[in-house]
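Enquirer: Have a look at this one.
The values are calculated or read from the model by the stated rules, or taken from the named source; none is laboratory data. These numbers come from a predicted model, not from an experiment. We place every Cβ from the backbone using ideal geometry, glycine too, and count neighbours over all the protein chains shown. Only protein heavy atoms, including side chains, enter the accessible area calculation; ligands, DNA and RNA are left aside. Shrake-Rupley method; radii C 1.70, N 1.55, O 1.52, S 1.80 Å.
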Amino acid sequence: MPTFETIFRQYEWDDVKGKIYSKTTADVEVALRKSRRGTEDFMALISPAAAPFLERMAALSGQLTRQRFGKTIQLYAPVYLSNECQNICTYCGFSLNNPLRRKTLTGAEMLHEIEAVKNMGFGHVLLVTGEAWQTVGMDYFSRALPIFKQHFPQISIEVQPMEEEDYRALTPLGLHSVLVYQETYHEGDYKKHHPKGRKSNFAWRLETPDRLGRAGVHKIGLGVLIGLEDWRTDSFFTALHLDYLQRTYWQTRYSISFPRLRPFSGGLPPKSIMNDRELLQLICAYRLLSPDVELSLSTRESPRFRDHLVPLGVTTMSAGSRTNPGGYAVEPDSLEQFEISDERSPAAVAEMIRRQGYSPVWKDWDDFGH
């Protein structure tokens, strides 16, 4: 069966980049007039030519989002289970060559974190680990998921790419969705940023969403690390990937995340800078391309920016995040994967959402606050 790699190989990075940057005002106007848009329209909407149309794009994006999702913002908490990792990644605090004390939560420690996260109101958690197959592989996940499933109705994971049969085995244990970021679709730069470890295999990572789709996982999350390469070109390839997956595995739900490169101990300066207006443009472009896709914004972003995005297209936000293993209760001072920007409590974020006339949803379609 063909996979996304077959489609991906039909495109050249520099050709795509050239097309995006040559889009005109007329191309943007054509895209905005359509009721259904394709990846060619998406190119126009993320191009520099679309910048003057931002208010119009935001209004359309907000309208489409309210039609599909109502006036709701889903809240979730990332729970870091381990910072052990066998990969070298130039941009990550957990990289194998970064000297830090490694920590993997035991079952008892998970229960402490669970209690802390539940006390903040969350019904949706994202379990995160580094990529260390011996320590945090299938055995570990097979033990961890049932523990969390007793306490949370919705569990997502962001861990190393696995085999199709692994995902099939984890679904009955409580797995709801899997986030797998390609980091960058620029194959040459991908290899520069991932010189060692299983993550250095570009094609294996690229085909992970296909394995997830075949395994019948409920929701698949995509994204790139914004700043590793030209953000417009990387975002086009993400949109191309999304379009392929929605047509191929049409019963699956999808989400897009927008992690911008943030400081960490040992940091990597971004190659491509994206300002806040450009991130808003990108979020609106995804909504105009796909009215059904969930769009997620993390605590990497500033409080002011996150507040501004509530009515404009975002459907999901993390809150009160800790990006270190045991960060909520067990070991609050261990090294974080990256710095967060929005340090408000989940209650404060929920109140901000309510002030804008929206409902904070602590798990799918169940608002504990009303």
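Enquirer: Counting residues that are charged (D, E, K, R), which helices (runs of 4 or more DSSP H) fully inside the stretch 142-222 reach at least 2? If you could, list the steps in order and put the result at the bottom.
Expert: On the way: elements: 164-170, 187-193, 202-206, 208-215.
Where helices (runs of 4 or more DSSP H) fall fully within the stretch 142-222 and carry at least 2 residues being charged (D, E, K, R), they are 164-170, 187-193, 208-215.
Enquirer: Would you tally the residues in the stretch 168-194 being of a type in the set (Val, Ile, Thr) and surrounded by fewer than 21 Cβ atoms within 10 Å (Cβ to Cβ)?
Expert: Just the residues of the stretch 168-194 that are of a type in the set (Val, Ile, Thr), to begin with: 171, 178, 180, 184.
Retained after the next criterion (residues that are surrounded by fewer than 21 Cβ atoms within 10 Å (Cβ to Cβ)): 171.
The number of residues fulfilling the criteria is 1.
Enquirer: Also, I was wondering about something else. Which one is nearest to residue 48 (Cα to Cα), of the residues in the stretch 284-300 that are open to solvent by less than 10 Å² (accessible area, probe 1.4 Å) and part of a loop (DSSP other than H, G, I, E, B)?
Expert: 290
Enquirer: Find all pairs meeting these conditions: Cβ atoms under 7 angstrom apart; at least six residues apart or on different chains; first residue within the stretch 5-21 and free of Cβ contacts under 8 Å to residues at least 40 places away in the same chain; second residue of a type outside the set (Val, Ile, Thr) and part of a helix (DSSP H, G or I).
Expert: From residues that are free of Cβ contacts under 8 Å to residues at least 40 places away in the same chain, the pairs are 19/43.
Enquirer: Can you tell me which residue within the stretch 267-283, out of those that are open to solvent by 70 Å² or more (accessible area, probe 1.4 Å) and outside any helix (DSSP H, G or I), is modelled with the highest pLDDT?
Expert: Of everything passing the filter in the stretch 267-283, 275 is modelled with the highest pLDDT.
Enquirer: Next question. Scan the stretch 129-142 and tell me whether some residue there is touching a strand residue (DSSP E or B) at 6+ places or on another chain (Cβ under 9 Å), of a type in the set (D, E, K, R) and modelled with pLDDT of 95 or more.
Expert: If we filter the stretch 129-142 for residues that are touching a strand residue (DSSP E or B) at 6+ places or on another chain (Cβ under 9 Å), which is where we start, we get 129-130, 132, 135-136, 140-141.
Now restrict to residues that are of a type in the set (D, E, K, R): none.
The answer is no, given that none of the residues of the stretch 129-142 is touching a strand residue (DSSP E or B) at 6+ places or on another chain (Cβ under 9 Å), of a type in the set (D, E, K, R) and modelled with pLDDT of 95 or more.
Enquirer: Can you give me the number of residues within the stretch 130-147 that are open to solvent by less than 10 Å² (accessible area, probe 1.4 Å) and touching a residue at least 40 places away in the same chain (Cβ under 8 Å)?
Expert: Total meeting the criteria: 4.
Enquirer: So, in the stretch 1-12, of the ones that are open to solvent by 30 Å² or more (accessible area, probe 1.4 Å) and part of a helix (DSSP H, G or I), which residue ends up nearest to residue 213 (Cα to Cα)?
Expert: Start the filter on the stretch 1-12 by keeping residues that are open to solvent by 30 Å² or more (accessible area, probe 1.4 Å), which leaves 1-2, 5-7, 9-12.
Next cut, part of a helix (DSSP H, G or I) only: 5-7.
Numbers: 5: 14, 6: 16, 7: 16 Å.
This residue is 5.
Enquirer: So residue 165 fits all but one of (1) open to solvent by 10 Å² or more (accessible area, probe 1.4 Å); (2) touching a Gly at 6+ places or on another chain (Cβ under 8 Å); (3) among the acidic types (Asp, Glu); what number is the exception?
Expert: (2)
Enquirer: Looking at the stretch 230-239 only, could you name the residues that are over 11 Å from residue 46 (Cα atoms) and open to solvent by 10 Å² or more (accessible area, probe 1.4 Å)?
Expert: 230
Enquirer: Using beta carbons and a limit of 6 Å, which pairs, at least six apart or on different chains, have the first residue in the stretch 173-202 and under 26 Å from residue 156 (Cα atoms) and in contact (Cβ under 8 Å) with a residue 12 or more places away in the chain and the second one in a strand (DSSP E or B) and open to solvent by 40 Å² or more (accessible area, probe 1.4 Å)?
Expert: As it stands, the answer is 179/158, since those pairs meet every condition given.
Enquirer: Looking at 15, 41, 27, which one is part of a helix (DSSP H, G or I), touching a Leu at 6+ places or on another chain (Cβ under 8 Å), at pLDDT 95 or above and not β-branched (Val, Ile, Thr)?
Expert: Working: 15 fails: touching a Leu at 6+ places or on another chain (Cβ under 8 Å); 27 fails: touching a Leu at 6+ places or on another chain (Cβ under 8 Å).
Residue meeting the stated conditions: 41.
Enquirer: Sticking with this one: Looking at the stretch 68-115 only, could you name the residues that are more than 19 Å from residue 327 (Cα to Cα), of a type outside the set (A, V, I, L, M, F, W, C) and either at pLDDT 95 or above or not in a loop (DSSP other than H, G, I, E, B) (or both)?
Expert: The answer is 68, 70, 71, 72, 74.
Enquirer: Can you tell me which residues in the stretch 114-135 are within 17 Å of residue 155 (Cα to Cα) and of a type in the set (A, V, I, L, M)?
Expert: Passing the criteria: 114, 116, 117, 120, 125, 126, 127, 128.
Enquirer: Being of a type in the set (Ser, Thr, Tyr) and modelled with pLDDT of 95 or more is the filter; apply it to the stretch 185-218 and report the residue that is nearest to residue 169 (Cα to Cα).
Expert: Going residue by residue through the stretch 185-218, those that are of a type in the set (Ser, Thr, Tyr) are 185, 190, 200, 208.
If we keep only those that are modelled with pLDDT of 95 or more as well, we get 185, 208.
On the way: 185: 29, 208: 16 Å.
Within the stretch 185-218, the match that is nearest to residue 169 (Cα to Cα) is 208.
Enquirer: Of the numbered conditions (1) at pLDDT 95 or above; (2) closer than 17 Å to residue 13 by Cα, residue 221 satisfies every one except a single condition; which is it?
Expert: Tallying (1) at pLDDT 95 or above; (2) closer than 17 Å to residue 13 by Cα, residue 221 fails exactly one: (2).
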